[in-house]
Amino acid sequence: MIARTLGARLAASVIAAGVLLTSVAGCTLFSTQATYMPYDPADGVAADLGDLQLRNVRAVLGDDGQALSIVFVAINTGTSSKTLTLSFETANGPGTQTVNVGSGKSVSVGRPDDTAEAIVLCPGDIMPGQNYEVYAQAGTADGVLMTIPVFDSTNPDYEALVPPAIER
């Protein structure tokens, strides 16, 4: 006959509880919570440049296949104005565009009702579904190389965002 002491029963209960908890919560115990993984809940991508955040950055290809419009929202949470500089490669070589964002303000770029001038460029050989690289820099914050998706007007949501044809 096996002697059961109070200590042995307590140890067996603790082990049984541990096995039960591990089997019930084992998946979440050892895997990364999905809520901690950053993602962009929009068609475009996001970037943080210190006090300046870029949201839903995407590109829309013109119907002529030559013009590309970069569409995004820039939000300045800082106490001073920021100048966003976008650098990219075009069919004619390197190009840059700047957008000024006042302190505590946001600027939408690329839509017909936006007050900021649209950023339209000639990217060279690119098709919808591909990605386009744009380097963003603002103030003294580290710059970010963004890989932005390219769309076209076949999606009704992008019909109004198609840039005008570029004259060569």
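Of note:
- To put it simply, the accessible area of segment 53-92 at a 1.4 Å probe is 44 percent carbon and sulfur.
- Shown here: segment 60-147, whose C-alpha atoms stretch 41, 29, 21 Å along the first, second and third principal axes, sorted largest to smallest.
- One decimal place: the segment THR154-THR79 gains 22.9 nm when fully extended, by the rule 0.36 nm per residue minus the C-alpha distance.
- Highest average first, the peptides 44-54, 88-98 ordered by how many other beta carbon atoms sit within 10 Å of their residues are 44-54, 88-98.
- Annotation: per residue accessible area for segment 82-159 equals 57 Å², rounded to a whole number [probe 1.4 Å, protein chains only].
- As a calculated quantity, the FRET efficiency between TYR135 and LYS105 at R0 = 22 Å, using C-beta atoms, amounts to about 0.45.
The values are calculated or read from the model by the stated rules, or taken from the named source; none is laboratory data. Keep in mind it's a predicted model, so treat the numbers as computed, not measured. Cβ sites come from the backbone with ideal geometry, for glycine too, and all protein chains shown count toward neighbours. Ligands, DNA and RNA are stripped out before the accessible areas are found, and what is left, the full protein with its side chains, is counted by its heavy atoms. Shrake-Rupley method; radii C 1.70, N 1.55, O 1.52, S 1.80 Å.
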